[in-house]
1. Divide by every residue of chain B the summed helix terms, -39500 (n - 2.57) for each DSSP H run of at least 4, and state the resulting mean residue ellipticity at 222 nm, rounded to the nearest 500 deg cm²/dmol.
2. How high is the relative contact order of chain B, in percent, counting Cα pairs under 8 Å that sit 6 or more residues apart?
3. Run the dipole for chain B about the Cα centre, Lys and Arg Cβ at +1, Asp and Glu Cβ at -1, nothing else charged, and hand back the magnitude in debye, nearest 20.
4. Below 8 Å between Cα atoms, with a sequence gap of 6+, how large is the relative contact order for segment B:13-55 in percent?
5. Taking the mean number of other Cβ atoms within 10 Å as a proxy for protection, how do you rank B:53-60, B:41-48 from highest to lowest?
6. Let me know the shape class of segment B:1-61, please: from the alpha-carbon gyration tensor, a ≥ b ≥ c as square roots of the eigenvalues, rounded when a/c is under 1.5, otherwise prolate if a/b is greater than b/c, or oblate.
7. Nearest 10 degrees, 0 to 90: what angle lies between the long axis of helix B:41-51 and the longest principal axis of chain B (Cα atoms)?
Amino acid sequence: DPNMKAGTTSEGVLANFFNSLLSKKTGTP
Amino acid sequence: SFQQEMLEKAKELFQLCDKEEKGFITKRDMQRLQNELPLTPEQLEDVFDNLDQDNNGYLTPLEFSMGLGKFIGVEVLS
């Protein structure tokens, strides 16, 4: 379901956030 | 050690969010990241609330590190 409500999958969102930051860090020095 | 390495990583990531080098991250800083990260403003707000354990509206480097630790599965002791 693309209309996932924020708050229902906090841990997934957190993981997504940190993964994005990490890949941003490694992707663009 | 691994913990030390993770704290270093947390510091680097913290600086990506704290662009003005204030030493803390506000919800506004977080929402500004929507231009750079594939997350919606709601998701970024959710992340912020999740990390802001004492609900004071500011994310400290320690809170940020603990959030990263929780994500990686390691307890970061203060």
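All of the numbers you see were taken from the coordinates with simple rules; none came from a lab. Predicted model only: the values in this text are computed from it and were never measured. Note that we place each Cβ from the backbone using ideal geometry, even for glycine, and neighbour counts take in every protein chain shown.
1. Helices in chain B give a 222 nm mean residue ellipticity of -17500 deg cm²/dmol.
2. Computed value for chain B: 32 percent relative contact order.
3. The calculated dipole for chain B is roughly 100 debye.
4. 27 percent
5. Descending packing order for the listed peptides: B:41-48, B:53-60.
6. Note, shape of segment B:1-61 comes out prolate.
7. 30 degrees
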